[in-house]
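Here's the structure, in structure tokens; my notes come after.
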Amino acid sequence: MSSSSPTASPTPTAAPVVATLDGRPPARGQVVVIKVDNSPTARPLQTGFAHAPVVYQEVIEGEATRFAAVFVGRNSPDVGPVRSARDTDIELFAEYGSIVFGFSGANAHVRAHVNASFLVPVPQERYAGAYPLRGRRAEAFNFYTSTSRLIDAEPRRGAGVRDVGFRFGPKPVGGVAVHDDVTVTFNGASYVTFHYNDARHGWALTQNGRAMSLADGTVVVPQNVIVQFVPVVRGRYSDVLGNNSPDTHSIGKGRAVVFRDGRRYDGTWKRPTRGVATHFVTAAGDDITLRPGGQTWVLLVPTTGSIR
């Protein structure tokens, strides 16, 4: 009588991670980052970044904040008003690789650092034709640009989408329902308020009490908002008025709060070294999944900031 050995069950394998910035199949093309002014006088003039898969909001000098809008490929609308780079950007975007980087103005030392980095810089001062001028304010010129203009201006090829740590999928288990406004304070002068818009499946934002409606009437309603508490320290340089330009550190770990589908998920962000992705995880170490198909807004809030 013959016998046979039992067949071993196959070991389950994890699904491969798809590099995506919005949960959709990754778009083809270079990743392009554009720095955008967020001063009070710039807000009525802002355009284009409601269409970016990811937007970061970071602290700059004078207790103000600025945006870095992340796009993929050539099809962005005009974005602006465009403003200057910071050393913070080099550290923050190291996980994205050699991306095309659009900005207008920067401290001479910062320009040297950007030029020496992995970024593919396309500054307005060197590529004026890529930045149409639409008037000026007392404190700044109103330059605009698009991903097509920036890619055409710089012959070196930037990197495509790679895994920067975002995980998309069904709502995580748990979380807390959010019924009221959420207020995130960066410092004494800058704060963001948002509430859930059920019809839009996203979070309607205000900046210092002003609803985020762009110049063309587009309302900014990201599907995901991530509040990432990060060390912000005194930087090496100051602006022309003598205000110190702070440095934001996005390597390490710290507190994070993720908002999606009307719920709040408290957790931690982790990024051990410069070249690796940032993960937003639960207390058990599981990735907090984001709602796919829309925009993710990342607030880089000083550890001295608050959320309520």
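Observations on the structure shown:
- A simple spin-label model places the labels of V276 and D180 3.9 nm from each other, with each point 7 Å out along Cα-to-Cβ.
- Using C-alpha pairs below 8 Å separated by at least 6 residues, the relative contact order for region 223-282 is 29 percent.
- The candidate values were [x] 31, 58, 11; [y] 24, 45, 21, 7, 3, 0; [z] 33, 57, 7, 2, 0; the one computed from these coordinates for P(r) over Cα pairs in 20 Å bins from 0, in percent carries the label [z].
- FRET efficiency estimate (nearest 0.05) - Cβ-Cβ, F118 to D152, R0 25 angstrom: 0.75
- With the simple model of a label 7 Å out from the Cα in the direction of the Cβ, A108 to V18 spans 4.9 nm.
- Full extension of the chain between T218 and R255 yields a length gain of 10.2 nm, computed as 0.36 nm times the residue separation minus the alpha carbon distance.
- Neighbourhood charge, 15 Å Cβ-Cβ cut-off, centred on S146 and excluding it, Lys, Arg +1 and Asp, Glu -1: 0
- Of the trypsin sites (Lys or Arg not before Pro) found in region 98-153, those that fall in a DSSP loop while having at most 14 other beta-carbon atoms within 10 Å are R126, R137.
- Additional length obtainable on full extension of the chain from D266 to N244, 0.36 nm per residue less Cα span: 4.7 nm
- Net charge of the neighbourhood of R260, taken over other residues with C-beta under 10 Å away and scored Lys/Arg +1, Asp/Glu -1, is +3.
- For R162 and D78, the difference between the fully extended length at 0.36 nm per residue and the C-alpha to C-alpha distance is 27.8 nm.
- Within the accessible surface of region 203-302, defined with a 1.4 Å probe on protein heavy atoms only, the carbon and sulfur portion equals 52 percent.
- Summed residue charge, Cβ within 15 Å of N75's Cβ, Lys/Arg positive, Asp/Glu negative: +1
- Modelled this way, with points 7 Å down the Cα-to-C-beta line, the labels at A27 and V173 are 3.5 nm from one another.
- Whole-number percent relative contact order across the chain, with pairs defined as alpha carbons under 8 Å at least 6 apart: 21
- FRET efficiency for R134 and H51, using Cβ-Cβ distance with R0 set to 22 Å, rounded to 0.05: 0.75
- As a calculated quantity, the FRET efficiency between A199 and E63 at R0 = 41 Å, using C-beta atoms, amounts to about 0.75.
- Along each principal axis, Cα extent of region 228-308, largest first, Å: 42, 27, 24
- For the chain: accessible area per residue (Å², 1.4 Å): 45
- Counting only DSSP beta bridges whose two residues both lie in the chain, roughly 75 percent are antiparallel.
The values are calculated or read from the model by the stated rules, or taken from the named source; none is laboratory data. In this text, all values refer to a predicted model and were calculated from it rather than measured experimentally. Cβ sites come from the backbone with ideal geometry, for glycine too, and all protein chains shown count toward neighbours. Surface areas here come from the heavy atoms of the whole protein model, side chains and all, with no ligands, DNA or RNA. Shrake-Rupley method; radii C 1.70, N 1.55, O 1.52, S 1.80 Å.
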